[in-house]
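Taken together, the values in this text are just the output of simple stated rules run on the coordinates, not laboratory data. Treat the numbers as computed from the prediction; the structure is a model and nothing was measured. In this analysis, Cβ positions are derived from the backbone assuming ideal geometry, glycine residues included, and neighbour counts consider all displayed protein chains.
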Amino acid sequence: MKTRTTAFVSGACLAVLLAAGCGDDDGTTVESAPATTERTDTTTLPNPAPGMSGDAFGLPDDPEADAFTYDESAVPVGSRVDVETEEEDGRTTVTLSATGLAPNRDFGVHVHTRPCGPQPSDSGPHYQNTPDPAATPETPSTDPAYANPQNEVWLDITTDANGDAQASSTVDWTFRDDGANSVVIHAQHTMTAPGEAGNAGDRLACIDEDF
Ligand SMILES: [Cu+2]
């Protein structure tokens, strides 16, 4: 009779244990915290860092980076860029914010067709809504009828004393799927005359962007 009662109590205790714990008269047996010892690697800095969304520029061989500098004096490693794209009613607005670039200087900025790569030329020509029929891979469009900021996305900037700048462009079309894959920062503002339209000097940096 007594052993049966003991067995009953033990069973009841087991049932309660599943829900809320049992035998709480001995707190030293509680061991529920080993999981916290596995989390020491979560202290790495978030990307984006607080205060600035987007990507930090790294060197072209940095596997962690989504933005690459080919000229560290103009676009230092660790300077930051954010590209936002908004499509609404068949129109597209692209906004660029950069911080920490070389101060007080002009840059040309465009949306390009191919992803960034180790070489500045890897990002290919400018994305055009209506492609210039005269353009070839060797001779990109320089016809102002096609190489203009209505048919391409231009985001030229001039940095302030801190190296910060913003630009925004709205066009009356949307990107073709996988047609545009990067934003390239060039050495000077974009030219517009026939034969040189769209040129903006050397490619200093590139941002991978999935438009
Ligand atoms: Cu460009």
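For region 55-208, a Kirkwood radius taken over Cα pairs fed into Stokes-Einstein (37 °C, viscosity 0.692 mPa s) yields D = 214 µm²/s. Rounded to the nearest 20 debye, the dipole size of region 55-208 about its Cα centre is 340 debye, using +1 on the Cβ of Lys and Arg and -1 on the Cβ of Asp and Glu. Ordering Gly201, Tyr127, Gly179 by Cα displacement along the dipole of region 55-208 toward the positive end leaves Gly201 in first place; charges were set at the Cβ atoms of Lys, Arg (+1) and Asp, Glu (-1).
Each other residue within a Cβ distance under 15 Å of Gly108 adds +1 if Lys or Arg and -1 if Asp or Glu, for a net charge of -4.
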